[in-house]
Structure formats: structure tokens, C-alpha cells
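As C-alpha cells, the structure follows; a few thoughts come after it.
FYI, it's all coordinate maths here, none of it is from the lab. Source: prediction; values computed, not measured. All Cβ positions, glycine included, derive from the backbone under ideal geometry; neighbour counts span all protein chains shown.
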Amino acid sequence: MPELPEVETVRRGLEVVTLGQPIVGGEVLLARSIALPDRPQTFIESLRDRAFTQWQRRGKYLLATLSDDSCLVIHLRMSGQLLWLTTPQPPCPHTRVRWFLATGAELRFVDQRTFGRCWWIPAHCRPEQAIPTLATLAPEPLSEAFTVRFLAERLVHHRRALKTALLDQTVVAGMGNIYADESLFLSGLHPALPTHTLTTEQIARLHQVIRRVLKEGIAAGGTTIRTFVTPQGVNGHYGGQAWVYGRQGKACRVCGTTIERLRLAGRSSHYCPRCQPLSSAMGR
Ligand SMILES: [Zn+2]
């Protein structure tokens, strides 16, 4: 699943290839990939003759501003990918939406699991009004608004497992399973730690690590943009050098202890029982 660094990499790629090019047409191959407007045909017609002027990102949402100040929003969810094709190619089996540009290029939304969504939002409406979850997102984790204090407030007021809290987009916008597991390892915090037991020092360390891990992810993803807007990273590979993610049964890179996997709120968590003890950190 693409997380903040992968979506940011896609955003940067889209800025390089799509800006200023009018959309001359399109095609919706799966109606449920379009969340707004209701009719797929209206979605396509609303975008016709508009050009992309800017791509922004909020959490895992991509937001394209168009030349009439309307907005195209895309959420890749589990398996969505955006492909940039400069020569005509027939749609592949998982193609859901196609945008044809005046230059003959095509922007294509491919989504095997079909959870990804596109919204077209008219100029008089703000994206946060049309998409309620955008309005409740935490501040961007790499912005100054994402402070230790903000993170602490979001963590200590709910009693739940730390890993579950980190995946909550109102706590850390753009966080997903991979970067959450890696952040917890580098912070020495067990994924099942109850959030209300965390000390200020632990939260400050976690805050610092989250920002570092996301920055490193962006730096790693940003190097592979070519014809395909999505790099390999969009499939969830963390540079091939994960500390714990996907490494259950293997030796911890720090202490050699076997990495374990635990299910919390339906999601897998990977952790080192020695580097991330549950008992010693509790009750402090
Ligand atoms: Zn270890």
C-alpha cells in the first residue's frame, strides 16, 4: 500500500510530466473508482479541456488543481497506481480510469484491488468539504504544525495500541504499515504499548523518528521516476533494507533476536521483542 513517501514520489513525478497539458477526453472503465460526481460521464466531461496546473499531497491524497480552479483528487488506497504513457497502449485488465491529453499522452489509473477512488470537485467547493476524511487529517508530518505536543495529545487521550494509533490518519497523516513498523523499531517501542502509558521522552523520540523515516523514504523513492509515474516503491518496498517490516522469522539487524509478527486491529506488526520490549516500558 502506498504511504506518504510513495505518494509524494508519485506527486513529484506528476508535476514533471503533466503540467500545462489540456485533457481532451477520458474513459471510466469501473464506475466505483469514481467517488464524485455520481455519474462517471460527468466526471470525464468535467475534466475535458482543463489542464493540470499543480499537484499537491495531503497525507495519502493526491490533489491536482486544474486550469479552471476545479480539483481532481485521487487516493490510491491498497493497490492504485498512476501510469504515464507517452505512446498509445490498450488498457490492461486492471485499468479503471484513463485521461487523454492533448499531446497524445495518457494518464492511467490502474487498481487491482479496486479500493482506490477519484473525485472531481468544482471550483466553488473546497476538497475538505467534499471529502470529510481530508478535513480530519493530522497536520502534514513533515510540516512545522506536526509538533511533539500535537502527537502527545493525540496519543495520550485514547487508550489503544500504539501501532493502531500510528495508522490513524488523524494522528499521523500519510502513515501506513511499513513506516509505522520501522518507526516503532527505531524508537524502541513495542507496537502493542498502550498509548496512554507513553512518557514525554518516548513520544519526543517517536516524533523525531517518524519524520526521519518519512524523509528517508521520500529520498529513496524520489530517485526512480521515469516514464512510469510510479516507482517500484509504490508497491510498498521500503528500499529493500527494512529493519523489521516483512522480516518475521529473521534475525534482528541490531541484536540478532528473531523478529516476530503480531496482529493488532487486523493489521500485521513486525517487531523485535528485545529491542522493543513490552514489559519494561509499561507502567513508567
Ligand atoms: Zn533487536
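List of remarks:
- Take every pair of alpha-carbon atoms less than 8 Å apart whose residues are at least six positions apart; their mean separation over the length of region 157-206 yields a relative contact order of 47 percent.
- Considering all different alpha carbon pairs of region 4-135, the Kirkwood hydrodynamic radius works out to 14.5 Å.
- Dipole moment magnitude, nearest 20 debye, the chain about Cα centre, only Lys, Arg, Asp, Glu C-beta charged: 900 debye
- Percent RCO, i.e. relative contact order, over region 83-172, from Cα pairs under 8 Å lying at least 6 residues apart: 19 percent
- Fluctuation leader among Thr197, Thr87, Thr53 - the chain, Gaussian network, Cα springs under 10 angstrom: Thr87
- Counting Lys and Arg as +1 and Asp and Glu as -1 over every other residue whose Cβ lies under 11 Å from the Cβ of Thr18, the net charge comes to -1.
- Contact order, relative form, for the chain: 20 percent (alpha carbon pairs under 8 Å, 6 or more residues apart, mean separation divided by residue count).
- Residues Met175, Met1, Met78, arranged from fewest to most other Cβ atoms within 10 angstrom of their Cβ, appear as Met78, Met1, Met175.
- By the beta-carbon count within 10 Å of each Cβ, the least crowded to most crowded order of Val171, Val17, Val244, fewest first, is Val17, Val171, Val244.
- Label-point gap, in nm, between Ala265 and Gln129 - each point 7 angstrom along Cα→Cβ: 3.1 nm
- Along the axis of the charge dipole computed for the chain (Cβ charges of +1 for Lys and Arg, -1 for Asp and Glu, origin at the Cα centre), the listed residues Ala51, Val24, Gln81 are led at the positive end by Gln81.
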